[in-house]
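Single-structure report; data block below.
The values are calculated or read from the model by the stated rules, or taken from the named source; none is laboratory data. Being a predicted model, the structure only gives us computed values, none of them experimental. Cβ coordinates were reconstructed from backbone atoms using ideal geometry, including for glycine residues, and neighbour counts include every protein chain displayed.
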Amino acid sequence: MEEDILNLIGRGEDNETEYLPSNVTPRNLSKVICSFANANGGFIALGVLENGNHIQGIDEELANVTLQKTRDLLSNVALDASYHRVRGPLSVFLIKVEKSSSLSTCHEGAFIREGESIRPMSVEEIKRASNQNSLDTEIIIQTLAEQTELIEKMKNEQASNNSLKSKAIDYLVGGLVGAILGALISG
């Protein structure tokens, strides 16, 4: 088994293989998983640096926590994950993503793997993937609702940061700093 894992790592990244460092965020991992599910499926090796020549290793507990948080960001994705010790004390966490028969989404929308890259799916690609299963309509509606909530939250935070009260405080602090600097320079 160790030899199989090392062969997978040694072949390099392609349309069905991705290497990610041990500190990958659930948000980034969910996009990669989603993109594989919407393409041909594939393997993700956590604890391996991008070129595949260096196994960084990953702690099993960290890998499991990251995967659980990632699963919460995904819809309509089938995957298997396993922890493997390779090269002495170093271990990798291997995630096998199955090709989805319908649209898979993550927290940011729908993505697809193209070669070694990930890109957002076009409207036409989403429509084609969605026509295969009526449950997909619910997934799209849910994703749209989540995205709408996120956008609204960001707009409200921006509005709060740009409020008159916020600006008044900024001007007051700027004025005080200016007065202190002016006194120091002229004194």
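General remarks:
- Every residue from the range 104-120 that is surrounded by 21 or more Cβ atoms within 10 Å (Cβ to Cβ), part of a strand (DSSP E or B) and not β-branched (Val, Ile, Thr): Cys106, Phe111, Arg113
- One residue stands out among those in the range 31-58 that are over 16 Å from the mean Cα position of the chain (by Cα) and polar (S, T, N, Q): the one that is farthest from Pro89 (Cα to Cα), which is Asn40.
- So Thr17, is it of a type in the set (Ser, Thr, Tyr), at pLDDT 90 or above and either within 15 Å of His107 (Cα to Cα) or in the same structural domain as Thr143 (by TED's automatic domain parsing) (or both): no
- Candidate set: the range 32-86, residues that are in a strand (DSSP E or B) and among the small types (Gly, Ala, Ser); chosen: the one surrounded by the fewest Cβ atoms within 10 Å (Cβ to Cβ): Ser82
- Among the residues of the range 113-163, those identified as of a type in the set (A, V, I, L, M) and at pLDDT 75 or above are Ile118, Met121, Val123, Ile126, Ala129, Leu150, Met154, Ala159.
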